[in-house]
1. Per-residue ellipticity at 222 nm for the chain, helices alone: DSSP H runs ≥ 4 residues times -39500 (n - 2.57), over residue total, nearest 500 deg cm²/dmol?
2. Determine, for each peptide in 128-134, 140-146, 51-57, the mean count of other beta carbons within 10 angstrom over its residues, then list the peptides with the highest first.
3. Loop only per DSSP, at most 16 neighbouring Cβ atoms within 10 Å: give me the chymotrypsin sites (Phe, Trp or Tyr not before Pro) in the stretch 71-116, ordered by residue number.
4. Restrict the search to the stretch 78-107; then list the trypsin sites (Lys or Arg not before Pro) that DSSP places in a loop and that have at most 14 other Cβ atoms within 10 Å of their Cβ.
5. Can you figure out the FRET efficiency of Glu135 with Met1, using R₀ = 30 Å and their beta-carbon distance, to the nearest 0.05?
6. Compute the Rg/Rh shape ratio of the chain: radius of gyration over Kirkwood radius, all on alpha-carbon atoms.
7. Figure the gain on full extension for Leu117 and Gln31 (residue separation times 0.36 nm, minus the Cα-Cα span) and round it to one decimal in nm.
8. Would you calculate the separation in nanometres between label points at Leu41 and Asp53, each defined as 7 Å from the Cα along the Cα-to-beta-carbon direction?
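Rule-based calculations on the coordinates, nothing more; no lab input. Nothing here was measured: the structure is a model prediction, and the numbers come from that model. Using ideal geometry, Cβ is built from the backbone for each residue, glycine included, and neighbour counts are taken over all protein chains shown.
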Amino acid sequence: MTFTFKHFSELTTIELYNILKLRAEIFVVEQNCVYNDLDELDKDAIHQFLEKDGQIIAYSRLLKPGTRFNDYSVGRVVVKESERGTGLGIRMMEEAKTYILKTWKPGKIKISAQKYLRKFYEDLGFKVVTNEYLEDGIPHYGMLFENQAD
């Protein structure tokens, strides 16, 4: 299985529909969080996703500085519930970091990580750089990955 990376303008309507469907399944329904997922940032993003049997099972969006943070960032990270525990999330984040580092060559990657995923991201080389804060009613940390090749 190979991850696809596409700018918003390259997505097909079916891909966009399936991305938004997965994000709603996880962030709105599963996490019982009412928030506006369509935040205008998708238009400037690179969308990373993996398809299986015609469905998107893993997704994240990659943003350049000045869209969400002053640094490059990864957000809206989701893995379909049936695919969790397989290492897919780790693989997806490693590929997202590799894409950003090779394509855009930044020194840092910033994320806003849900509190319960702190160790997951720490194991990927991210470090907590903020106090805990609420985002859409869910506890988060600001975390930063610093490219050691700089």
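1. -6500 deg cm²/dmol
2. In descending order of packing, they fall as 140-146, 51-57, 128-134.
3. Trp104
4. On the way: sites: Lys80, Arg84, Arg91, Lys97, Lys102; in loops: Lys80, Arg84.
Filter output for the stretch 78-107: Arg84.
5. On the way: r = 30 Å, r/R0 = 1.01.
According to the calculation, E is roughly 0.50.
6. Ratio value, two decimals: 0.93.
7. Details: separation 86, 0.36 × 86 = 30.96 nm, distance 1.36 nm.
That pair, Leu117 and Gln31, stretches by 29.6 nm at full extension.
8. About 3.1 nm, to one decimal.
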